[in-house]
Amino acid sequence: MYAAVPALLGFYPERSLVLLGLGGRGEVVAVGRHDLLCGSERRASMRESVERFAVPFRDRNLAAAAALVVDDEAEAHAADHDAVASLFLGVMASAGAQWAVAYATTEIRAGARWWCLSGQEPPGTVGDPRASAVTVARVLAGRPIQRSRGELRDLVAGSPRERLEVAALIDAAQHSADLEFSLGLPRDQGGGYRRRKVALLLRQIDCLAAGEQLLPVELAELGIALQDTRIRDTMLALAVGEVADAAERMWLLLTRALPAPERADAAVLLGFHAYLRGEGALARVALDVALDADPEHRLAALISASVDRGLHPGELAVLADTGRRVGMELGASLPPAPRPV
């Protein structure tokens, strides 16, 4: 179980409590990670995290749950880990989980020792995370695993140097967009402008997927286009369907390349995409970037609150339907909607 954790999270956790929810066939259907807080005065925060994780069990009757402690000072924190395990087992029992177990290890690497905090199993050793079937599937999908959560943050944030060239072009891109928008008024209330920008975003997503590199001036233009909330909301539709992966790569590129506050819209789209496919850690990092770039960003605040509550990705996916409706109202041409399963 430990060997699959880096692929499930997208990075190798340290000093963490990892919570897994399992379906009837043993498949992982819910994942949570929290900083491991030791000491009695911090257990209230841990309880809140565990109780929030238990919500899907009450709502969806999941079969089983596992708590995985990762702590390089596990021996010194043994009493804390026992308390966390007891808390976890109690909360999951009250939530109706059919089976729950808690483990601990000092690190996630091949051969590291793990032991059962709930006393149900003898100790064992961690398998090779690189050989995990979940890891193989992730790598084949082109999603690298970061060595730490800090590396994940760096992946999303980019560097100030990367953003300087695009930042220098933002004002010109904004002026050009304002002029183009005003030329359509009052005839179509900006509808033509929005349709053209949606089409441009889709073309550039295709170009990026084909391996082409976008110029800084193109990135600035796309960043300004997403400032229009109806264009940005239309892009929510791309989180489901055949272009979802390509669109997510675009949002990551723009998040890294755009300055604040323009990067907020790309970052919230990145967070939305990530959460819908179960990458809660990446979603949390992206949403933090969005709110840091624009603390008043309403969509980022909405999705961030949903992630904090542990809302199931399937419930949040209604925003993709909303995005498609907005696109239809604009008369924009979008990729076909996925067929219901």
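The values are calculated or read from the model by the stated rules, or taken from the named source; none is laboratory data. All values derive from a computational prediction rather than experimental measurement. We place every Cβ from the backbone using ideal geometry, glycine too, and count neighbours over all the protein chains shown.
Only one of (1) in contact (Cβ under 8 Å) with a residue 40 or more places away in the chain; (2) over 30 Å from residue 195 (Cα atoms); (3) surrounded by fewer than 18 Cβ atoms within 10 Å (Cβ to Cβ) fails for residue 145. Which number is that?
Going through (1) in contact (Cβ under 8 Å) with a residue 40 or more places away in the chain; (2) over 30 Å from residue 195 (Cα atoms); (3) surrounded by fewer than 18 Cβ atoms within 10 Å (Cβ to Cβ) one by one, residue 145 breaks only (3).
Tally time: how many residues in the stretch 156-167 are part of a helix (DSSP H, G or I), touching a residue at least 40 places away in the same chain (Cβ under 8 Å) and out of contact with any Leu (no Cβ under 6 Å at 6 or more places or on another chain)?
The first filter runs over the stretch 156-167 and keeps only residues part of a helix (DSSP H, G or I), leaving 156-157, 160-167.
Adding the requirement that they be touching a residue at least 40 places away in the same chain (Cβ under 8 Å) leaves 156-157, 162-163, 165-167.
If we keep only those that are out of contact with any Leu (no Cβ under 6 Å at 6 or more places or on another chain) as well, we get 156-157, 162-163, 165, 167.
Number of matching residues: 6.
From the list 280, 191, 241, which residue is out of contact with any Cys (no Cβ under 9 Å at 6 or more places or on another chain) and on the phi > 0 side of the Ramachandran plot? Full working, then the answer.
Details: 280 fails: on the phi > 0 side of the Ramachandran plot; 191 fails: on the phi > 0 side of the Ramachandran plot.
Matching residue, one of 280, 191, 241: 241.
Kindly indicate whether residue 167 is more than 30 Å from the chain's Cα centre (by Cα) and under 30 Å from residue 247 (Cα atoms).
No.
Quick check: anything in the stretch 193-203 surrounded by fewer than 16 Cβ atoms within 10 Å (Cβ to Cβ) and touching a residue at least 40 places away in the same chain (Cβ under 8 Å)?
yes
Could you please find all residues in the stretch 169-179 being of a type in the set (A, V, I, L, M, F, W, C) and in contact with a helix residue (DSSP H, G or I) (Cβ under 8 Å, 6 or more places away or on another chain)?
169, 170, 172, 173, 177
Just name the residue that is nearest to residue 67 (Cα to Cα) out of those in the stretch 119-142 that are of a type in the set (A, V, I, L, M) and modelled with pLDDT under 90.
Here the answer is 134.
Among (1) within 20 Å of residue 156 (Cα to Cα); (2) touching a Pro at 6+ places or on another chain (Cβ under 9 Å), where does residue 202 come up short?
Among (1) within 20 Å of residue 156 (Cα to Cα); (2) touching a Pro at 6+ places or on another chain (Cβ under 9 Å), the lone unmet condition for residue 202 is (1).
Restricting attention to the stretch 310-328, and to residues there that are in a loop (DSSP other than H, G, I, E, B), touching a helix residue (DSSP H, G or I) at 6+ places or on another chain (Cβ under 8 Å) and within 22 Å of residue 50 (Cβ to Cβ), which single residue is modelled with the highest pLDDT?
312
In the stretch 234-255, which residues are among the aliphatic types (A, V, I, L, M) and farther than 19 Å from residue 219 by Cβ? Walk me through how you get there before you give the answer.
Let us first name the residues in the stretch 234-255 that are among the aliphatic types (A, V, I, L, M), namely 235-240, 243-244, 246-247, 250, 252-254.
Residues satisfying the conditions are 236, 237, 239, 240, 244.
Quick one: how many residues across the stretch 81-95 are surrounded by fewer than 21 Cβ atoms within 10 Å (Cβ to Cβ) and more than 29 Å from residue 314 (Cα to Cα)?
Final tally of qualifying residues: 3.
Can you find a residue in the stretch 111-125 that is in contact with an Asp or Glu (Cβ under 8 Å, 6 or more places away or on another chain), polar (S, T, N, Q) and surrounded by 14 or more Cβ atoms within 10 Å (Cβ to Cβ)?
Checking the stretch 111-125: not a single residue is in contact with an Asp or Glu (Cβ under 8 Å, 6 or more places away or on another chain), polar (S, T, N, Q) and surrounded by 14 or more Cβ atoms within 10 Å (Cβ to Cβ).
Each row is one residue, and each column tells you yes or no for (1) within 16 Å of residue 20 (Cα to Cα); (2) touching a strand residue (DSSP E or B) at 6+ places or on another chain (Cβ under 8 Å); (3) assigned to a helix (DSSP H, G or I); (4) hydrophobic (A, V, I, L, M, F, W, C).
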{"residue": "80", "(1), (2), (3), (4)": "no, no, yes, no"}
{"residue": "87", "(1), (2), (3), (4)": "yes, no, yes, yes"}
{"residue": "90", "(1), (2), (3), (4)": "yes, no, yes, no"}
{"residue": "97", "(1), (2), (3), (4)": "yes, yes, no, yes"}
{"residue": "100", "(1), (2), (3), (4)": "yes, yes, no, yes"}
{"residue": "104", "(1), (2), (3), (4)": "yes, yes, no, yes"}
{"residue": "107", "(1), (2), (3), (4)": "no, yes, no, no"}
{"residue": "138", "(1), (2), (3), (4)": "no, no, yes, no"}
{"residue": "152", "(1), (2), (3), (4)": "no, yes, yes, yes"}
